[in-house]
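The values are calculated or read from the model by the stated rules, or taken from the named source; none is laboratory data. Bear in mind the structure is a predicted one, so any value in this text is a computation, not a measurement. Please note: Cβ atoms are built from the backbone with ideal geometry, for glycine as well, and neighbour counts cover all protein chains shown.
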């Protein structure tokens, strides 16, 4: 990351500042026609999420742009949920690419909420994109219907056996930003713990994310040391025991706060994007929902929210033309792990080399 040039740009129409980083070859690529990789992180991270993958991506013959999404890093941190609208953020990213004179040969790469952001960047700016790479969060098909959290949890409970979006009830609660800030270490444990299932049918699978994110009230109880988790501390994944990494997380979140970051959840829960999503569903033959460029999807075995099987929905609906799927034996925050970062960078690099060879 220290080799990258850090820049900021104030984007319109809301005068929000976005922070981003350019690879050393961004304006002087060895091959000018090579695609540009745009890497977007998720919650609760920043562009530095990619720092352990970057050494394995930099040798590739592609320009790289790392973005601090709104609410994180050195980007603006508004507390108005509507400003976190996917279409607005996609427009801001387009303004950055215009400012840096990036050719229309973009391959957006996103993790978590960053995956959602780059998906919509493609849908709203498809003429600029040559490909699309998604980590954790599979393609979220636009819907003409308003989002309802209670209905979503009821539906997923029937489909998967647990309410997939239950943790949103905590993140959208008025006291969530304060509780998260007061209990940073417990939240680190929530995100980076490991708990083997005692159920023989699950063969020792890591169920920690399911227990924290998909059980009513569990995350709040763990973070505040109440109820079932009053006297329990989960085992951390090996990478999460690195005190330097943990301290960097503490410092970053003390700078960012949580008032802005939780707006990703309240923005969707409050349906600030409903009209935009509905507009994508009106064209004949679902043309505005189709992804016609090559897609790479990388899922993780320990991710119970961003399930590895959910790309199947888009495939069955005929909305993805060319998709390759890989599954890594890791948790949701796999990019903090040096070994898994190298593995994921290798998967991305191999896919890029086949689909977008640079001559």
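Does residue 39 satisfy the condition of being surrounded by 24 or more Cβ atoms within 10 Å (Cβ to Cβ), in the same structural domain as residue 85 (by TED's automatic domain parsing) and outside any helix (DSSP H, G or I)?
Spelling it out, residue 39 is indeed surrounded by 24 or more Cβ atoms within 10 Å (Cβ to Cβ), in the same structural domain as residue 85 (by TED's automatic domain parsing) and outside any helix (DSSP H, G or I).
Going by the conditions given, is residue 285 part of a helix (DSSP H, G or I) and within 16 Å of residue 125 (Cα to Cα)?
Considered against the rule, which asks whether it is part of a helix (DSSP H, G or I) and within 16 Å of residue 125 (Cα to Cα), residue 285 comes out as no.
Going residue by residue through region 47-70, is there one that turns out to be touching a helix residue (DSSP H, G or I) at 6+ places or on another chain (Cβ under 8 Å), farther than 25 Å from residue 340 by Cβ and either outside the structural domain of residue 239 (by TED's automatic domain parsing) or part of a strand (DSSP E or B) (or both)?
yes
Can you tell me which residue within region 310-342, out of those that are part of a loop (DSSP other than H, G, I, E, B) and under 17 Å from the mean Cα position of the chain (by Cα), is farthest from residue 153 (Cα to Cα)?
Among those that are part of a loop (DSSP other than H, G, I, E, B) and under 17 Å from the mean Cα position of the chain (by Cα), it is 337.
Please work out which one of (1) under 27 Å from residue 268 (Cβ atoms); (2) touching a residue at least 24 places away in the same chain (Cβ under 8 Å); (3) surrounded by 15 or more Cβ atoms within 10 Å (Cβ to Cβ) is the condition residue 211 fails and give its number.
(2)
Say we look at region 83-108 and pick out the residues that are part of a loop (DSSP other than H, G, I, E, B) and surrounded by 16 or more Cβ atoms within 10 Å (Cβ to Cβ); which of these is nearest to the chain's Cα centre (by Cα)? Before the answer, list the steps.
Kept after step one, since they are part of a loop (DSSP other than H, G, I, E, B), are these residues of region 83-108: 85, 100-105.
Right, trim to surrounded by 16 or more Cβ atoms within 10 Å (Cβ to Cβ) and you get 85, 100, 102, 105.
Numbers: 85: 15, 100: 24, 102: 23, 105: 21 Å.
So the residue we want is 85.
Could you go through region 294-309 and let me know if any residue there is outside any helix (DSSP H, G or I), touching a residue at least 60 places away in the same chain (Cβ under 8 Å), loosely packed, with under 14 Cβ neighbours inside 10 Å and on the phi < 0 side of the Ramachandran plot.
Taking every residue of region 294-309 in turn, none turns out to be outside any helix (DSSP H, G or I), touching a residue at least 60 places away in the same chain (Cβ under 8 Å), loosely packed, with under 14 Cβ neighbours inside 10 Å and on the phi < 0 side of the Ramachandran plot.
Hand me the list of helices (runs of 4 or more DSSP H) wholly inside region 111-210 holding 2 or more residues that are farther than 26 Å from residue 93 by Cβ and within 22 Å of the chain's Cα centre (by Cα).
149-160, 168-171, 176-182, 184-192
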